[in-house]
Amino acid sequence: MRKNTKALRNSALLGTAAAMLVVTGCTGGAGSGSGGEGSGGESEERTLKVQEIFAPGEAFADSTQAFGDAVTEATDGSVSFEYFWSNSVVPTNEIAGAMNDGLLDMGRIQPPASPADFPTMNWLSSASSLNTQAFPAGLLQKIGAHLEFAMASETGSAQLDSELRNLGIQYIGAFALVQQYDLFCSKPVTSLDDFAGLKVRVAGQAWVDEIENLGGEPVTLLPEEIYEGFQRGIVDCVMTYPTHYVNSGLWELGGYYVPLKLNGWNQDGLTLSNAAWDSLDETQQAAMYGAVKDWLRVFVGRQLDGYWRFMTEGAEEHGIEYLDPDSEIQDRIDEHHDVVLEELAAAAPSGVEDPQAIVDEYVELHEKWLGTIEELGFDVEGNGVNDFLAGLEDPTVPPSEQIDLEPWLDAIIEAAYKNN
């Protein structure tokens, strides 16, 4: 499966050094950063208050910690962070308001949790099926395409930036972090008939439509409500992905894994309040953008290892049964995705200028990044997790210790932050 090796690293990306120069030479974009430099030319010290949905030990939290550590190191300690884990200040759907009010400086938004606040990004949640099914190529493809779209595209970045700034916040990075959703269920699901009356946890409207298309009953739960909802039988299935089944503890409850290529997730954003951004000088702002590489390195590494653990340990340790669903289920899903994409521009919220151009560029960036991923040596033709496991050089060693992500990370930084 994996042609990506250390030997390919030097030849795959000749522009890596230039990419990092772009980041370290960042001029701060729309925020001039005039407030953070002291009279002696040294950066003023600033402590940013950060909320994260999960607690340390979980991939999102550890990625946020790695981001903060990288910023602190890059700024010689002038920027530090105070962390509020497990949504200890406000729930997910109130994070933007808390940043705008100064209660927090930084946090991870999830637009489907408050769609009225983020109409454009929430609209694009329906277009998170453009990646290849090969893992992890599809994940790397969509992260690259989405981040470049949000931060540097001709059509999308200005629209999204304006939307967020009106809420008093702005992107440090916009992330598409789930290659594709599948199902973890308390009962076997192998045919379309099994979806009749099936209660499935979904994250927002795009996934409501997916489950209704299959004949099931969607149930919306916030991330912090998923475990209890599954444990108590409020839902029969959870629609997320293998690493989440591990990190959330869901796999410990046992159940049935249904491998499907449902619409993935492109709805995470690492954001900072406008006031906090403007309080930083240009060097500090550049460090914030540069540390996105550290956030992604930790998160994707944990994703790889989470998929690996779920597939190699789940049966023996937790009694998980891995199902082989009828192909008619995926056929129905694929047909739905085609229709959604065809109708996406017409479904754009008011205020979106030239929605067809936005959709077209979003598709084109996914095609571009598929080529980039292939050039970096990743298999783009494989069939999901099983081919991923079969292609590992050593299936007993965590994938994060075998797969070199650095060329991909360099490409991410070069493409997404070239205008900043």
Q) For the chain, what proportion of DSSP beta bridges, expressed in % and rounded to the nearest 5, is antiparallel? A) 55 percent
Q) Tally Lys/Arg at +1 and Asp/Glu at -1 over every other residue whose Cβ is under 9 Å from the Cβ of Ser78; what's the total? A) -4
Q) To one decimal place, what orientation-averaged projected area in nm² is obtained for the convex hull of the Cα set of the range 114-200? A) 7.7 nm²
Q | Cβ-derived FRET efficiency at R0 25 Å, Ser350 paired with Asp326, nearest 0.05 | A | 0.05
Q. Mind ordering 279-287, 96-104 by average Cβ neighbours within 10 Å, highest first?
A. 279-287, 96-104
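Explain nothing, just the number: dipole magnitude of the chain about its Cα centre with +1 on each Lys and Arg Cβ and -1 on each Asp and Glu Cβ, in debye rounded to the nearest 20.
About 460 debye.
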Q: Give me the angle, in degrees from 0 to 90, between the Cα long axis of helix 137-152 and the longest principal axis of the Cα atoms of the chain, rounded to the nearest 10.
A: 40 degrees
Q) Of Gly57, Gly216, Gly290, which is the most mobile in a GNM of the chain whose springs link Cα atoms less than 10 angstrom apart? A) Gly57
Q: Rank these for me by crowding, Lys293, Lys49, going from fewest to most other beta carbons within 10 Å.
A: Lys49, Lys293
Q. Is it possible to state the helix-based mean residue ellipticity at 222 nm for the chain, with each DSSP H run of 4+ residues giving -39500 (n - 2.57), the sum divided by total residues, to the nearest 500 deg cm²/dmol? What is it?
A. -14000 deg cm²/dmol
Q.
As I understand it, the value is the acute angle between the Cα axis of helix 355-375 and the longest principal axis of the Cα atoms of the chain; what does it come to in degrees, rounded to 10?
A. 80 degrees
(Q) Just to compare against my own numbers: the Cα pair-distance distribution for the range 165-280, 5 Å bins, whole % per bin, please. (A) 2, 11, 20, 21, 16, 9, 7, 6, 4, 2, 1, 0
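For Thr312 and Glu217 in one chain, what is 0.36 nm times their gap in residues minus the Cα-Cα distance, to one decimal in nm?
In short, 31.1 nm is gained.
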Q. Hey, in the GNM for the chain with a 10 angstrom Cα cutoff, which one of Val339, Val71, Val238 fluctuates hardest?
A. Val339
**Q.** Ranked list, fewest to most other Cβ atoms within 10 Å of each Cβ, for Asp182, Asp278
**A.** Asp278, Asp182
Q. Using a basic spin-label model with each label point 7 Å from the Cα along Cα→Cβ, how many nm lie between Asn386 and Asn100?
A. 4.8 nm
(Q) Among Ala315, Ser273, Ile373, which residue has its Cα furthest toward the positive end of the charge dipole of the chain, with +1 on Lys/Arg Cβ and -1 on Asp/Glu Cβ? (A) Ser273
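Readers should treat all values here as calculations from the given coordinates under stated rules, not as data from a laboratory. This structure is a prediction, so every number in the text was calculated from the model and none was measured. Virtual Cβ from ideal backbone geometry, glycine too; neighbours counted across all protein chains shown.
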